[in-house]
Amino acid sequence: MAQMTMIQAITHALDLELARDEKVLLFGEDVGNNGGVFRATEGLQKKYGEDRVFDTPLAESGIIGLANGLAVQGFRPVPEIQFFGFVFEAFDQIASQIARLRYRSGGRFHAPVTIRSPFGGGVRTPELHSDSLEGLFLQSPGVKVVIPSTPYDAKGLLLSAIRDNDPVIFLEHMRLYRSFRQEVPEEEYTIPLGKANVVREGKDVTIVTYGAMVGVSQKAADQWAKDKGLQAEVIDLRTISPIDIETITASIEKTGRAIVVQEAQRSAGAGAEIVAQINENAIFHLEAPVLRVSPPDTVYPFGLIEDEWLPTQQAVLAALNKVVSL
């Protein structure tokens, strides 16, 4: 079994799907000969040709509009938005066109489009390159939103996303691209969309999180166990739309307490939706209010101060200590 970084696992998944299905097409800004700004598509144009892996103009709305048209014609497009902070240029194409295609056509057409995009902070990018905008798409029925936290998950979830007959927004945290390696099978495997993963067992508090905050939460849980002798269960959602409320509820039935950790701003995002669903499904199992750990409701800060803005292991520890004291 090979040791891969997340970016290598993503490249491997794209390679497998291009080989398996001739209807799969990759395109976006610089994804062709250059291999993409993070080299996720490196070598794929040379292997599969300019008709299947190609560059587009610097126009996000055009990229997603092209994906929509190709999907209607029977292709399985995998467009890339070079940085998710620029998705606003394509928001109408996603929310008003691709997400509604199956409903609008009465099921005659599907939109098997997987929109890949880097996102997330901690790497000192310029303005608009690090924003966590996944919450915008939770209110866009018709699209799934997938956020892997490990190389193994990235490959299995991306294969599932490309094979899904409905649109999927596949968000890749930039800080995780090359931060660690993991054993990843070289053969095909899929991970079901919409199914969370319990990455750490515990009995005292449930931590619900996703993306880069999974690692932060695991480190906090390990430190909490060492300092206090208490055990936090950590749930990696993997998919934030739809949310796997069954796994969350089962965990809260055991622990009785929960915190939600997200990198996106506090209000009206995935964390708020998770808390609402916990209230609807597990409130009688709670012994304390559900707490949130997140950055404040400001624009994403300049690189010099982003470490002060992003949620930290210490912030998660503080929330764990608070929720058991209530």
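Before moving on, here are some points about what is shown:
- In the stretch 250-293, the qualifying residues are those that are open to solvent by 30 Å² or more (accessible area, probe 1.4 Å) and in a loop (DSSP other than H, G, I, E, B), and the one that is farthest from Leu317 (Cα to Cα) is Ala268.
- Of the set (1) part of a helix (DSSP H, G or I); (2) in contact (Cβ under 8 Å) with a residue 12 or more places away in the chain, all apply to Gly69 but (2).
- Among the strands (runs of 3 or more DSSP E) confined to the stretch 138-241, the ones with at least 1 residues that are charged (D, E, K, R) and either in contact (Cβ under 8 Å) with a residue 24 or more places away in the chain or open to solvent by 10 Å² or more (accessible area, probe 1.4 Å) (or both) are located at 144-146, 168-173, 182-184, 197-200, 232-236.
- Looking across the stretch 70-93, the residues that are more than 12 Å from Pro112 (Cα to Cα) and in contact with a strand residue (DSSP E or B) (Cβ under 9 Å, 6 or more places away or on another chain) come down to Glu80, Ile81, Gln82, Phe83, Phe84, Gly85, Phe86, Val87, Ala90.
- Test result for Phe88, assigned to a helix (DSSP H, G or I), of a type in the set (Phe, Trp, Tyr) and crowded, with 23+ Cβ neighbours inside 10 Å: no
- Residues in the stretch 33-69 that are open to solvent by less than 30 Å² (accessible area, probe 1.4 Å), under 30 Å from Gly107 (Cβ atoms) and not small (Gly, Ala, Ser): Thr56, Glu60, Ile63, Ile64, Asn68.
- Annotation note: of Glu80, Glu22, the sole residue that is open to solvent by 20 Å² or more (accessible area, probe 1.4 Å) and either over 24 Å from the mean Cα position of the chain (by Cα) or closer than 19 Å to Arg175 by Cα (or both) is Glu22.
The values are calculated or read from the model by the stated rules, or taken from the named source; none is laboratory data. Please read all numbers here as calculations on a predicted model, not as lab measurements. Positions of Cβ are generated from backbone atoms using ideal geometry, with glycine treated the same way; all protein chains shown enter the neighbour counts. Heavy atoms of the whole protein, side chains included, go into the accessibility calculation; ligands, DNA and RNA do not. Shrake-Rupley method; radii C 1.70, N 1.55, O 1.52, S 1.80 Å.
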